[in-house]
Amino acid sequence: MRKVASSIASDPAVAPVDVDVDDVRGWLGRPRYFFESADRTAVPGVATGLAVTGVGGDVLYVEASVMDGPEA
């Protein structure tokens with residue numbers, strides 16, 4: 001609504017403004033966050049982890065797999 005208000009304040013001739021579903025992407029811009037953890041961890045053998053560094057951190061996706069090999 002702030003962008004709509006600022007567009008009306010800069011040019012009163014644009015009022016009233018209709019915001020449709022198709023216009024939402026243009027008003028809001030690209031998404032800031034991508035919630036991919038539900039998609040990534042839905043696969044069996046995938047777990048989430050957290051890496052902590054001096055400048056922040058990140059989410060890690062740890063995958064496990066089974067391989068044939070000699071038995072101990």
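The values are calculated or read from the model by the stated rules, or taken from the named source; none is laboratory data. Quick caveat: nothing in here was measured; it's all calculated off a predicted structure. Here the Cβ is made from the backbone with ideal geometry for all residues, glycine too, and neighbour counts use every protein chain on show. Just the protein is used for accessible areas: all its heavy atoms, side chains included, with ligands, DNA and RNA removed. Shrake-Rupley method; radii C 1.70, N 1.55, O 1.52, S 1.80 Å.
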Somewhere in region 22-37, is a residue of a type in the set (Gly, Ala, Ser), over 22 Å from the mean Cα position of the chain (by Cα) and more than 26 Å from Arg2 (Cα to Cα)? no
Hey, could you check region 16-39 for residues that are more than 28 Å from Met67 (Cβ to Cβ) and charged (D, E, K, R) and say which is most open to solvent (accessible area, probe 1.4 Å)? Arg32
Specify which of the listed residues (Ala13, Ala47, Ala42) is under 20 Å from the mean Cα position of the chain (by Cα) and loosely packed, with under 10 Cβ neighbours inside 10 Å. Ala42
